[in-house]
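Trainee: If you scroll down you'll find the structure; I have some questions about it.
The values are calculated or read from the model by the stated rules, or taken from the named source; none is laboratory data. Small disclaimer: the values here were computed from a predicted structure and weren't measured. Note that we place each Cβ from the backbone using ideal geometry, even for glycine, and neighbour counts take in every protein chain shown. With ligands, DNA and RNA removed, areas are computed over all heavy atoms of the protein, side chains included. Shrake-Rupley method; radii C 1.70, N 1.55, O 1.52, S 1.80 Å.
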Amino acid sequence: MTAAPAAGPRAAATSLDALADLVVEGDVVVLSGAGLSTDSGIPDYRGATGSLRRHTPMTYETFTRDPRGRHRYWARSFVGWRRIRGARPNAGHHAVGRLQAAGLLGGVITQNVDGLHQAGGARDVVELHGGLDRTVCLSCGDVAERAALDERLQAANPFFGARTDEINPDGDAELPDEVLDGFVMVDCLACGGGPLKPDVVFFGETVPRDRVEHCFGLVERSGSLLVLGSSLTVMSGYRFVLRAAKLGIPVAIVNAGPTRGDDRADVRIDAPLGEVLPELAGRLAG
Ligand SMILES: [Zn+2]
């Protein structure tokens, strides 16, 4: 047997120059993931320091069918939301906002639920997996602000002062069972029932179809697809890379570490977003 050829069937460009050449063409649709928010102190589920190994995220099945599991979710989330709410956009979020303000973006789709794109200046962000700043009632469908729920929870739990540094990306914190059981949950203000659910897509839950179709439309009309900080492990994001590649729309991926889309990337930069994006915005957005 002879050695495999040095270059694979597809060799992606790896330079910032190549990325800039693509983005300057405009109509770029951004697809961002947890890696964009790690510099803001929100840990990555699946990256090198990912929490998935020691923490199983809440599933839709458990949340809707296991009252005790749901109760514990809200107790952990009551604590974890402190950090999510206190998180600030980082240089990567601001760079995306600048690229958009410069007219180079055709859309921003995020898998993140932390609201940091918007806080960093981006507009018309499609929150593929929803947002932690809202709750939805599973009985009446009422959507309410999470901040309002937090005030009610603080009133109902004046002595629930548990603190933890183990916060997961969905605002879910690690707490001992005996602490969780002492938590008091409240009901929906609109119907008096519930249960209340954060307005996010849990693992095992389907992204609403109209939201997916809207994103497919953005990708199909785009000049290129730019993936930022996602390993593309879940199909809910990966399918947009597949669609772009199928239509011959160039795909660029900036992520620290390998991704499932690497074989389909025209430009692939394996470096921290906090270095690449400010440099890119500095070149193209003044
Ligand atoms: Zn309700």
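Trainee: Looking at this structure, is Leu196 at pLDDT 95 or above, in contact with a helix residue (DSSP H, G or I) (Cβ under 6 Å, 6 or more places away or on another chain) and open to solvent by less than 50 Å² (accessible area, probe 1.4 Å)?
Mentor: Details: at pLDDT 95 or above: yes; in contact with a helix residue (DSSP H, G or I) (Cβ under 6 Å, 6 or more places away or on another chain): no; open to solvent by less than 50 Å² (accessible area, probe 1.4 Å): yes.
No; evaluated as a whole, the condition is false for this residue.
Trainee: Would you mind finding the one in Arg76, Arg82, Arg134 that is free of Cβ contacts under 8 Å to residues at least 24 places away in the same chain and either within 16 Å of the ligand (Cβ to nearest atom) or assigned to a helix (DSSP H, G or I) (or both)?
Mentor: Arg82
Trainee: A follow-up question, please. Please find, within region 137-161, the residue that is least open to solvent (accessible area, probe 1.4 Å) out of those that are assigned to a loop (DSSP other than H, G, I, E, B) and within 16 Å of the ligand (Cβ to nearest atom).
Mentor: Gly141
Trainee: Let me ask something additional. Taking the residues in region 104-115 that are more than 14 Å from Gly35 (Cβ to Cβ) and not in a strand (DSSP E or B) as candidates, determine which candidate is modelled with the highest pLDDT.
Mentor: The selected residue is Leu104.
Trainee: Same structure, new question: Do we find that Ala101 is in contact with a helix residue (DSSP H, G or I) (Cβ under 7 Å, 6 or more places away or on another chain), at pLDDT 90 or above and small (Gly, Ala, Ser) in this structure? It would help to see each step written out before you state the result.
Mentor: On the way: in contact with a helix residue (DSSP H, G or I) (Cβ under 7 Å, 6 or more places away or on another chain): no; at pLDDT 90 or above: yes; small (Gly, Ala, Ser): yes.
So Ala101 fails the test.
Trainee: Let me ask another. Kindly provide the set of residues from region 248-263 that are under 23 Å from Gly26 (Cβ atoms) and touching a residue at least 24 places away in the same chain (Cβ under 8 Å), ordered by number.
Mentor: Those that are under 23 Å from Gly26 (Cβ atoms) and touching a residue at least 24 places away in the same chain (Cβ under 8 Å): Ile249, Pro250, Val251, Ala252, Ile253, Val254, Asn255, Gly261.
Trainee: Considering Gly261, Gly237, Gly248, Gly223, which residue is open to solvent by less than 10 Å² (accessible area, probe 1.4 Å) and modelled with pLDDT of 95 or more?
Mentor: Within the list Gly261, Gly237, Gly248, Gly223, the selection yields Gly261.
Trainee: Would you check which residues across region 151-175 are over 15 Å from Tyr73 (Cβ atoms) and modelled with pLDDT of 65 or more and list them?
Mentor: Scanning region 151-175 gives Glu151, Arg152, Gln154, Ala155, Ala156, Pro158, Phe159.
Trainee: Further question on the same structure: Within region 211-220, restricting attention to residues that are in contact with a helix residue (DSSP H, G or I) (Cβ under 8 Å, 6 or more places away or on another chain) and not β-branched (Val, Ile, Thr), which residue is surrounded by the most Cβ atoms within 10 Å (Cβ to Cβ)?
Mentor: The selected residue is Cys215.
Trainee: For region 14-37, enumerate the residues that are open to solvent by 30 Å² or more (accessible area, probe 1.4 Å) and touching a helix residue (DSSP H, G or I) at 6+ places or on another chain (Cβ under 8 Å).
Mentor: Matches in region 14-37: Leu16, Val24.
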